[in-house]
1. Under 17 Å Cα to Cα from K402, which aspartates and glutamates show up? Leave out anything in the same chain fewer than 8 places away.
2. How do K233, K575 stack up against each other in accessible area, from largest to smallest, with a 1.4 angstrom probe?
3. Please give the Cα centre distance for the stretch 191-250 versus the stretch 73-87, rounded to the nearest Å.
4. Where the only charges are on Cβ atoms (+1 Lys, Arg; -1 Asp, Glu), what is the dipole of the chain about its Cα centre, to the nearest 20 debye?
5. If you take the beta carbon distance between V622 and K374 as r and set R0 to 60 Å, what does 1/(1 + (r/R0)^6) give as a FRET efficiency, to the nearest 0.05?
6. Could you pull out every residue, at least 5 positions away or on a different chain, whose amide H is within less than 5 Å of the one on W74? Hs are placed 1.01 Å off N in the peptide plane, and Pro or chain starts have none.
7. Probe 1.4 Å, all protein chains in place: accessible area of W482 in Å², nearest 10?
8. Give me the distance between the Cα centres of the stretch 32-55 and the stretch 257-271, rounded to whole Å.
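The values are calculated or read from the model by the stated rules, or taken from the named source; none is laboratory data. The model shown is predicted, which means the values in this text are computed figures rather than measured ones. Cβ placement follows ideal geometry from the backbone for every residue including glycine, while neighbour counts extend to all protein chains displayed. The area values use the complete protein model at the heavy-atom level, side chains included, leaving out ligands, DNA and RNA. Shrake-Rupley method; radii C 1.70, N 1.55, O 1.52, S 1.80 Å.
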Amino acid sequence: MIQTIVFLPLLAAIIAGLFGRALGVRFSQLITTGAVGIAALLSWIIFTQFLSGTTPYTVTISNWITSGSLSLNWALKVDTLTAVMLVVVNSVSSLVHLYSIGYMSEDPHQQRFFSYLSLFTFAMLMLVTADNLVQMFFGWEGVGLASYLLIGFWYYKPSANAAALKAFVVNRVGDFGYSLGIFAIFLVFGSVQFSVIFANAPHMAGKSFEFLGLHVDIMTAICLLLFVGAMGKSAQLGLHTWLPDAMEGPTPVSALIHAATMVTAGVFMLARCSPLFEQAPAALDVVCVVGALTAFFAATVGTSQTDIKRVIAYSTCSQLGYMFFALGVGAYGAAIFHLFTHAFFKALLFLGAGSVIHAMHHEQDMRHYGALRKSIPITFITMLIGTIAITGVPPFAGFYSKDTILEAAFMAHSQVGYFAYGLGAIAATLTSFYSWRLMFLTFFGEARWATSKHIQHAVHDDHHGHDAHDGTAGYHPHESPWVMLIPLILLAIGAAAAGFVFHTHFVGEARAEFWRAAIHPTKHDVLNDIEGIPLFWKWLPTAGMVFGLLMALNSYIWNRAVPKQFTDTFSMMYKFFLNKWYFDELYSVLFIKPALWLGRLFWSADKNIIDGVGPDGVAALVQLTAKRSKLIQTGYVYHYAFATLIGVIALLSWAWPHAGKAIGN
């Protein structure tokens, strides 16, 4: 069964990619959507088996690498953590495939698009089923490649090309750290097999090595290198800049990257390597602090964005921060639980945003929306459910998973735990504000469509369009087709029910039996203590959620002059958030411009010295010689006769003395 789940999307990707043009668009849609749909169904079967207590197992495909002491099999590891990720990846991917049939219906390159989607799914499946670090790295790089192809799918757009390159380059930084971590693990443990590494990890606790005169803890160094890789894939603060720009890809791609693949890879990798991190408490503290800062940073930026997809993108970045600081306090089950619930409501919000964009003739600026709830009611209701879920309204999914993380951080009773709880509670308030801000600007208030160039273009092209004085520009938004609405409805069910249905297994009383050895039991399980959290601290995030909702209501429904008054009063802070804390500008000064200067310097040296002396210099010398030599060729016979005579005289002058000596002898 597991072989079918993993390799069926790959087979569909190959068929659609190589033969899609000959077989047609519809066939490519059906073969890829059907393959991933079957994989999703089988994934749920495996997941339910683990809910019932199935024993983990490994399926060996073949021998892969044998080189010296390194011997690896291509094998598929199936345990509870794998089962959870299979459900997340294949469920969201199958719905994205189905949604894309409608969303991409007018695109001329659908075969290539669906092939890339299935390839992306396969790469992520290889990552989550790996039983060693090298095989995981194969999937790790596979999702990087697929994300590059999908973000830059509309290659004729310079912005899409730039975003794809940015994602690829930034992830290479993280991947370099991850590679060093793998090398260090092989050097220390003599193996990259998870079973071997995890069994021997406790024996390396407290041991150190000398580097530049310093004694460095071995396990801390290894875990920090692995974390650098996770920072790149999961867009943590410092290596996050690629994630918002990834919105240049088609909206279904954004949903797949942000909800099920790519960004969840780092969270999964740290959870899989929890036995290593348990031996490196300093590394866990770093994970916790970076995660908390990411949650806060992204939430502040999300409050100021006007592009509907970018708001949701920064929301993803913030939610990933929650997952990481949960890992940092040892609440591994809570982190994966939030990953699980987040997949439903984040995919729902992205696909819902795509439905809005589809209805608004590709307009993405929320300032040009308004009053859409009556025009696209199903999209409105499903996005409302997604918003309720992400903001943490009980009993929806986000309430169970996010509040469990915050409670675990508080009950860790550590400085980094309190730090994470404080920033997480503030981020929860801001999440509620920007999420409801999105809903109010999009679906409530008066229609502001006439201010959109996209809508004006649509009305101009519509010969039946007419002028209107109500802000609609005579445009009539329409609900998306059912092939796009069905995924929204199914995801809305998941966003509403995933929390209370699976809470007991992920973080409740049944968690020990459910997780077994899939994640390493911590020395002090903070999830045992969350029931004892004081009520004030337990309900503070919920109070923050309500406060954020009230702020959004006051600013965008009751008193719409408030946002401008706020931005005028706190203009510097607003610009700081609007410009994303100026990370892109800072990196441009620190890295991009120096790299370009260095590149131009090397290019100049290559052109003027290496090429100038080498191939270009030789070519110039030949050209100069030919230019001088052609002066001899005048075309006059008497010149040639004179040259011949000179040659004969020269020859005789040289040969005569030698001939005389020969005769004399």
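1. Straight-distance partners of K402: D529, E531.
2. The ordering from most to least exposed comes out as K575, K233.
3. Each part reduced to its Cα centre gives a spacing of 21 Å.
4. Computed charge dipole of the chain: roughly 1380 debye.
5. Efficiency, rounded to the nearest 0.05: 0.15.
6. Distant-sequence amide H within range of W74: I61, S62, N63, W64.
7. 150
8. Answer, in whole Å: 19.
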